[in-house]
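One structure below.
Each value in this text was obtained by applying a stated rule to the coordinates, not by laboratory testing. Values in this document were obtained by computation on a predicted structure and should not be read as measured data. Neighbour counts are summed over all protein chains in view; Cβ atoms, including those assigned to glycine, are modelled from backbone coordinates with ideal geometry.
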């Protein structure tokens with residue numbers, strides 16, 4: 001599985017998540033957990049890990065195996081959605097060998113599964129207390 005470097009992933013998610021009131025946490029394989037809520041002392045990485053531990057791993061025959069594919073156009077690549085609306089996985093344009101929605105979706109779902117089991121945070125974008133949409 002080819003990897004997109006962390007710097008590229010952070011830059012991509014910054015372009016994709018334009019609402020400055022939405023904090024987000026990025027995991028090693030490209031999965032992003034969007035967190036909305038009041039400013040507080042809670043640890044965003046811990047919140048995201050807890051959410052992804054439940055919503056990330058793929059369980060065959062369960063809603064966690066479902067996915068949707070969004071072509072992000074200007075950001076080059078795709079966002080793969082799952083059964084939780086705040087868990088999104090970026091798939092870069094050079095990652096999957098095939099470009100069909102099915103191939104991209106399965107690839108993204110596999111990345112989300114790895115992130116949901118490894119739970120390795122590589123970036124936290126803390127926007128608590130920031131203004132609304134850009």
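Tabulated data
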read-out	value
Rough spin-label spacing in nm, given labels placed 7 Å along Cα→Cβ, for residue 18 and residue 100	3.3 nm
Percentage relative contact order, the chain, counting C-alpha pairs under 8 Å, at least six apart	37 percent
Value of D in µm² per second that Stokes-Einstein yields for the stretch 83-128, Kirkwood Rh from Cα pairs, at 37 °C (0.692 mPa s)	271 µm²/s
At R0 = 22 Å, FRET efficiency that the Cβ-Cβ distance of residue 7 and residue 118 yields, to 0.05	0.70
Estimated 222 nm signal from helices in the chain, with DSSP H stretches of n ≥ 4 weighted -39500 (n - 2.57), rounded to 500	-10000 deg cm²/dmol
